[in-house]
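A quick write-up on the structure given underneath.
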Amino acid sequence: MAEVLVYVDHVDGAVRKPTLELLTLARRIGEPVAVALGNGAADTAAALAEHGAVKVLTHDAAEYADYLVVPKVDALQAAYEAVSPVAVLVPSSAEAKEIAARLAVRIGSGIITDAVDLEAGDEGPVATQSVFAASFSTKSRVAKGTPVITVKPNSAAVEAAPAAGTVEALDVTFGALATGTKVTGRTPRESTGRPELTEAAIVVSGGRGVNGAENFPIIEALADSLGAAVGASRAAVDAGWYPHTNQVGQTGKSVSPQLYIANGISGAIQHRAGMQTSKTIVAVNKDAEAPIFDLVDYGVVGDLFDVVPQLTEEINSRKG
Amino acid sequence: MSLRIVVTVKYVPDATGDRHFADDLTVDRDDVDGLLSELDEYAVEQALQIADEADDAEITILTVGPEDAKDALRKALSMGADKAIHVEDDDLHGTDAIGTSLVLAKAIEKAGYDLVISGMASTDGTMGVVPALLAERLGVPQVTLLSEVSVEDGTVKGRRDGDAASELLEASLPAVVSVTDQSGEARYPSFKGIMAAKKKPVQSWDLSDLDIEAEEVGLEGAWTAVDSAAERPARTAGTIVKDEGEGGKQLAEFLAGQKFI
Ligand SMILES: Cc1cc2nc3c(=O)[nH]c(=O)nc-3n(C[C@H](O)[C@H](O)[C@H](O)COP(=O)(O)OP(=O)(O)OC[C@H]3O[C@@H](n4cnc5c(N)ncnc54)[C@H](O)[C@@H]3O)c2cc1C
Ligand SMILES: Nc1ncnc2c1ncn2[C@@H]1O[C@H](COP(=O)(O)O)[C@@H](O)[C@H]1O
C-alpha cells in the first residue's frame, strides 16, 4: 500500500494532538510513516504506533535545537527520498508550515496550507480549506509533484488504530544552509496548566470589554470551570492585558473548538477569521448591535461583569 | 557600502470588503477595493527603522501583482522607501505561492540585495510561507516571524515568539526576514511623504525581464488547483437574550442543554 509521510510535532517525545489527528487523515490516503526529529524523537513511537504509524523514522542532532528550520527540512527531505511517499502531511504550526514549504520547492511539488479536511481523490488527496476569514470553503489539489499539505489542528478526530510503528533510524546529512540561522537564546513558555489554545475543546475569550489585565481572572475563572483554554482579542493583547500567544484571529491563533465563548469582543472580521469555524459560538456583549451576535448560537446582551461571574458560579455549583 | 533592503509587499483585496472568487476560482480583484496588505506595512516600517540606524541604506519596495498594485507601492513609498519595482505581466494571473516565490526571488536577485524583509502573511492567502520559500530559493538564511529585529555589522538579529518558546535568532547577511504585527506600529505617511512619493522611481518588469517562461507561472503553471469554492452557509440565527439579572444562569442552562456542563 502507498505510504504517506507524516511530520511529527512533539515536545521532548510527547506527541502533540494535531499530529495524532494527522494520522487519522493520513490513513485515508495510505499507510502513515512518521518522521520524528530532535530530543526525545524515539519516545514518540508508542503513541504514533497506537494511532496507525506503520513505521517511525527518527533522528536527533544538536542542529535541530541550535538552528532554525533548515535542519528539519534536510531531515524531512531525507525521509521523503527514503520512502517515496504519495503525500507529505505536516501540522499547520508556524514552523512546520515553513518546513513544508521549503520541502515542496526542493522536491518540485505544490503545497496546500491550512487544510481543515482531507479525502482521497482520483487525482490525489483533496484538501478542504477555509478562506477569506472562513467565509468560503474551497476544495483543492496539488497539481504537480508529490502533494505537500499542512493541516490545521482539530481537523479530524483522534482515532486509535494500532500498527507496527517500527522504529528506524533516519540517515540525515545536513546541507551548508542548515547552520545559517543560529538560535542564540531560548525562553520556554511557562505552562499555565490550561489546555493548548489551538487544541482545546472549549475556548473562553476576552476582549476590550474586559477592560484591564486585572479583570482577566474573571475570564480565567470561567475557563477553568469548563476546563477551557483562554483566548483574547487583539485589542486586549495590544493593551497589554493578556499575552500575544493567546490572541485569536488572523494574526493570532485560529481555533476551531466545540465551544467558543466571546466576552466583550465586538467580532471584527480579523477576529472572526480565527474562530468562525467553531462548532458552537456563545457571546456576552453589552451592545446588542455587536457583529459577534451574527455568529452566535446563544448570546447574552449584558454586562460581562454581571453575566460571566454568575455563569461561572452556576457551572461550578452544577458540577457540585 | 550601502545596505540594500528589498521589502516585498502584496496588494490585496480589502479584508473588510465582501471578498469572493472570480469564475476561474482566482481571488476576485475587481469588485473589492485593493490596498497594501496591512501586515506588509510592518515590514516597510522595520525597513525604515533599520535604514535609519544604518550609515547608508536604500529601500526598494517590490510587488508582484496587477496594474492596481501600484497603489500599494505608492503607499510604501509615501511612508519613506526610496524606490519601487513592479513585476506585472498578464501571464502572472492565477500564480500560486510557489510560483510567486519564483518571480520574487528572480526579481530580488536582479535588483540586488543584502536584506529582504517580508510581512508575516498576506491578508488574502494567509499562507505565511513566501518568506521561507524566498530563503530557500535565494539560498540565504531565513530569520522569520520576528517581533523584534535589528541589523548591525552585517548580522541580523531578532526575536521569534513561538508557541513553545521565545527564541533569539542571528544570521549573517544576506538574509530573508519576516516580521509580525508585534514588531511595532507602522507610521502613517505624512503629507510631505505623499508628495515626495509621486516623484520616486517605479520600475516595471515583466516575465521576460526575469527570464521566466509563461508556463512556469499563472493559472496554467500553478502547482495547486482549486476545484471548487463555496460560500459558507450563514450561521443560523441563534437565541439572543437580554440580561435581566439571570443572564449567566440562562447561559448555563443553554450550555447544559448542549452537554458542555
Ligand atoms: C491586519 C490586521 C490583523 C488583525 N488581527 C487580529 C487578530 O488576530 N485578532 C483580533 O482579535 N483582532 C485582530 N485585528 C483587530 C480587529 O480589527 C479588531 O480591532 C479587534 O478584534 C477588536 O477587539 P475587541 O473586539 O476586543 O474590541 P472592540 O472592537 O473595541 O470591542 C469591544 C466590545 O466589548 C463590548 N463591551 C465593552 N464593555 C463591555 C462589558 N462591560 N460587558 C460586555 N461587553 C462589553 C463592546 O460592546 C464591544 O462590542 C486585526 C486587525 C488588522 C488590521
Ligand atoms: N505577490 C506578492 N508580491 C510581493 N510580495 C508578496 C507577494 N505575495 C506574498 N508576498 C510577501 O510574502 C509575505 C507572506 O505572504 P504569504 O506567504 O502569501 O502569506 C507577504 O507578507 C509579502 O511580504
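Tabulated results
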| item | result |
| --- | --- |
| Failed condition for A:ARG106, given (1) under 30 Å from B:ASP28 (Cβ atoms); (2) basic (Lys, Arg); (3) within 10 Å of another protein chain (Cβ to nearest Cβ) | (1) |
| Set A:GLY180, A:GLY185, A:GLY165, A:GLY175: member being in contact with a Phe, Trp or Tyr (Cβ under 8 Å, 6 or more places away or on another chain) and modelled with pLDDT of 95 or more | A:GLY180 |
| Of residues in segment A:264-278 being more than 6 Å from ligand 1 (Cβ to nearest atom) and out of contact with any strand residue (DSSP E or B) (no Cβ under 7 Å at 6 or more places or on another chain), the one nearest to A:VAL307 (Cα to Cα) | A:GLY267 |
| Candidate set: segment A:165-191, residues that are closer than 29 Å to B:THR144 by Cα and more than 13 Å from chain B (Cβ to nearest Cβ); chosen: the one surrounded by the most Cβ atoms within 10 Å (Cβ to Cβ) | A:VAL172 |
| Any hit, segment B:31-44, residues being under 20 Å from B:VAL176 (Cβ atoms), within 16 Å of ligand 1 (Cβ to nearest atom) and among the charged types (D, E, K, R) | yes |
| Residue satisfying all of: in segment A:204-255; within 13 Å of chain B (Cβ to nearest Cβ), touching a residue at least 60 places away in the same chain (Cβ under 8 Å) and small (Gly, Ala, Ser); nearest to ligand 1 (Cβ to nearest atom) among these | A:SER254 |
| Top-ranked residue of segment B:131-148 - restricted to ones that are under 17 Å from B:VAL44 (Cβ atoms) and surrounded by fewer than 24 Cβ atoms within 10 Å (Cβ to Cβ), ranked as nearest to ligand 2 (Cβ to nearest atom) | B:SER147 |
| Residues that are in a loop (DSSP other than H, G, I, E, B), within 30 Å of A:PRO243 (Cα to Cα) and under 18 Å from the mean Cα position of the chain (by Cα), drawn from segment A:144-191 | A:LYS152, A:PRO153, A:ASN154, A:SER155, A:ALA156, A:ALA157, A:VAL158, A:ARG189, A:SER191 |
| Those residues of segment A:284-296 which are buried (at least 20 other Cβ atoms within 10 Å of the Cβ) and within 9 Å of chain B (Cβ to nearest Cβ), in sequence order | A:VAL284, A:PHE293, A:LEU295, A:VAL296 |
| Condition broken by A:ILE261, with the remaining ones in (1) facing chain B (nearest Cβ under 9 Å); (2) away from ligand 1 (no atom under 14 Å from the Cβ) satisfied | (2) |
| Candidate set from segment A:227-253 (those that are closer than 17 Å to A:GLU214 by Cα and in a loop (DSSP other than H, G, I, E, B)); member that is nearest to ligand 2 (Cβ to nearest atom) | A:SER233 |
| Boolean, A:THR24 is crowded, with 18+ Cβ neighbours inside 10 Å, more than 14 Å from every other protein chain (Cβ to nearest Cβ) and under 17 Å from A:VAL4 (Cα atoms) | yes |
| Residues that are among the aliphatic types (A, V, I, L, M), more than 17 Å from B:TRP223 (Cα to Cα) and not in a helix (DSSP H, G or I), drawn from segment B:115-139 | B:LEU115, B:VAL116, B:ILE117, B:MET120, B:ALA121 |
| Residues being in contact with a helix residue (DSSP H, G or I) (Cβ under 8 Å, 6 or more places away or on another chain) and surrounded by 18 or more Cβ atoms within 10 Å (Cβ to Cβ) - total across segment A:27-54 | 12 |
| Within segment A:134-154, considering residues that are more than 7 Å from every other protein chain (Cβ to nearest Cβ) and crowded, with 22+ Cβ neighbours inside 10 Å, the one farthest from B:VAL129 (Cα to Cα) | A:ASN154 |
| Residues satisfying the stated conditions in segment A:254-285, i.e. under 19 Å from the mean Cα position of the chain (by Cα) and either part of a helix (DSSP H, G or I) or within 16 Å of ligand 2 (Cβ to nearest atom) (or both) | A:SER254, A:GLN270, A:HIS271, A:ARG272, A:ALA273, A:GLY274 |
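Let's see how each residue does on (1) in a helix (DSSP H, G or I); (2) within 16 Å of ligand 1 (Cβ to nearest atom):
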position	(1), (2)
B:LYS157	no, no
B:ARG160	no, no
B:LEU169	no, no
B:VAL177	no, no
B:ASP181	no, yes
B:LYS200	no, no
B:GLU215	yes, no
B:GLU220	yes, no
B:ASP227	no, no
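The values are calculated or read from the model by the stated rules, or taken from the named source; none is laboratory data. It should be emphasised that the depicted structure is a prediction, and the values quoted were computed from it without experimental measurement. Backbone-built Cβ (ideal geometry, glycine too); neighbour counts: all protein chains shown.
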